[in-house]
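The values are calculated or read from the model by the stated rules, or taken from the named source; none is laboratory data. This structure is a prediction, so every number in the text was calculated from the model and none was measured. Cβ sites come from the backbone with ideal geometry, for glycine too, and all protein chains shown count toward neighbours. Areas reflect the complete protein model, heavy atoms only, side chains present, ligands, DNA and RNA absent. Shrake-Rupley method; radii C 1.70, N 1.55, O 1.52, S 1.80 Å.
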Amino acid sequence: MITVSPLSTQGVLEVQISGKLTAEEYASTLTPAMDEAAAREDRLRLLLRVGPDFSGFTPKAAWADAKLGLRHWAGFERIAVVTDVDWIENTMQFMGFALPGAVETFDLDEVDDARRWLTESLGSLHMRDIGDQVLHVQLLGKLDTAAYARGEDDMDAYVRDHGRFKLLLDLREFDGWQGLAALGDHLKLIRDYRHIPTKVAVLGDESWQKLAQKLMRYFISAESRYFDEDDIENAKAWLA
């Protein structure tokens, strides 16, 4: 059985499944609800509750599920899977990295936590002019596509007002990306602004961040240098 709640004002679609799913249920319930929600929202947030009596799909239902997922592949910003069924939880944790949006699993008694995760801000980009034509950009937490959309607007406004600048890229509290779509937005941001910074100082505390600074040389025309997390004053001095 499939039960679909109305789309919330925050773009969250709640779906509950139980028993053995058939293609007829997909055609009559889930597919129309998903298509209607996608027509109203560019990026959907899905809460999927899987009951303990869930026993899988009929062959036609599995095909219907695959087609529905492919049609809305890029439309999921976040997916929260609420279940006590171990194989579903393990599958989502294994496959989550391949999905465009962020995926998290929750136990059935954590449904309120799942709703909160779907609507809260997961990460942010903070931008601050610190003088000497230096823009301090902090990447905080795990970034999703919404954070990059806001960050791109802020960057556009700064470039309009200041033109070229020097960049202090602060990764000390950066935890990565929520899904492949956010990583794609990050690469797009680098591509769109690669010729604007005149110098880039990368501030971090992870070995992969030092590697990222080395790789950055192939994507931007500015001189760049890595600084450990305690060297922020030296990073500012090098930029200035």
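Relative contact order, percent, of the range 89-169 when contacts are C-alpha pairs under 8 Å separated by at least 6 residues?
On the way: 77 pairs, mean separation 19.5, N = 81.
Rounded, it is 24 percent for the range 89-169.
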Of Lys188/Lys236; Lys199/Lys236; Lys188/Lys214, those spanning more than 20 Å from alpha-carbon to alpha-carbon: Lys188/Lys236
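Tally the DSSP beta bridges in the chain and give the antiparallel ones as a percent, rounded to 5.
Details: 10 of 49 bridges.
Counting DSSP beta bridges with both partners in the chain, the antiparallel share is about 20 percent.
Counting only chymotrypsin sites (Phe, Trp or Tyr not before Pro) that are in a DSSP loop and have at most 13 other C-beta atoms within 10 Å, tell me the longest site-free stretch of the chain. Could you put the intermediate results ahead of the total?
Working: sites that count: Tyr218, Phe219.
Looking at the chain, 1-217 is the longest stretch - no exposed chymotrypsin sites (Phe, Trp or Tyr not before Pro) with at most 13 other Cβ atoms within 10 Å.
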Using the crude model of +1 on Lys and Arg Cβ and -1 on Asp and Glu Cβ, and no other charge, please compute the dipole size for the chain relative to its Cα centre, in debye to 20. 1100 debye
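Quick one: what do you get for the chain if you divide its Cα Rg by 2.2 N^0.38 Å? Show your work: numbers first, answer last.
Details: Rg = 21.5 Å, N = 240, 2.2 N^0.38 = 17.7 Å.
This ratio for the chain stands at 1.22.
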Calculated from DSSP H runs of 4 or more alone, at -39500 (n - 2.57) each and per residue, what is the 222 nm mean residue ellipticity of the chain, nearest 500? -11500 deg cm²/dmol
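Remind me, relative contact order of the chain in percent, using alpha carbon pairs under 8 angstrom and six or more residues apart? Each step should come with its number before you reach the end.
Details: 443 pairs, mean separation 31.6, N = 240.
Normalised by residue count, the contact order of the chain is 13 percent.
Once fully extended, how much extra length lies between Trp87 and Arg160, figured as 0.36 nm per residue of separation less the alpha-carbon to alpha-carbon distance? Numbers along the way, then the final one.
Numbers: separation 73, 0.36 × 73 = 26.28 nm, distance 5.12 nm.
Extending this stretch completely gives an extra 21.2 nm.
Would you mind calculating the relative contact order of the range 97-230 from Cα pairs under 8 angstrom and at least 6 residues apart, reporting the percent as a whole number?
Numbers: 214 pairs, mean separation 30.9, N = 134.
RCO, the range 97-230: 23 percent.
I'd like the carbon and sulfur percentage of the solvent accessible area for the chain, probe radius 1.4 Å, heavy atoms only, ligands and nucleic acids excluded. Before the final figure, lay out each step's value.
Numbers: 6790 of 12870 Å².
That share works out to 53 percent.
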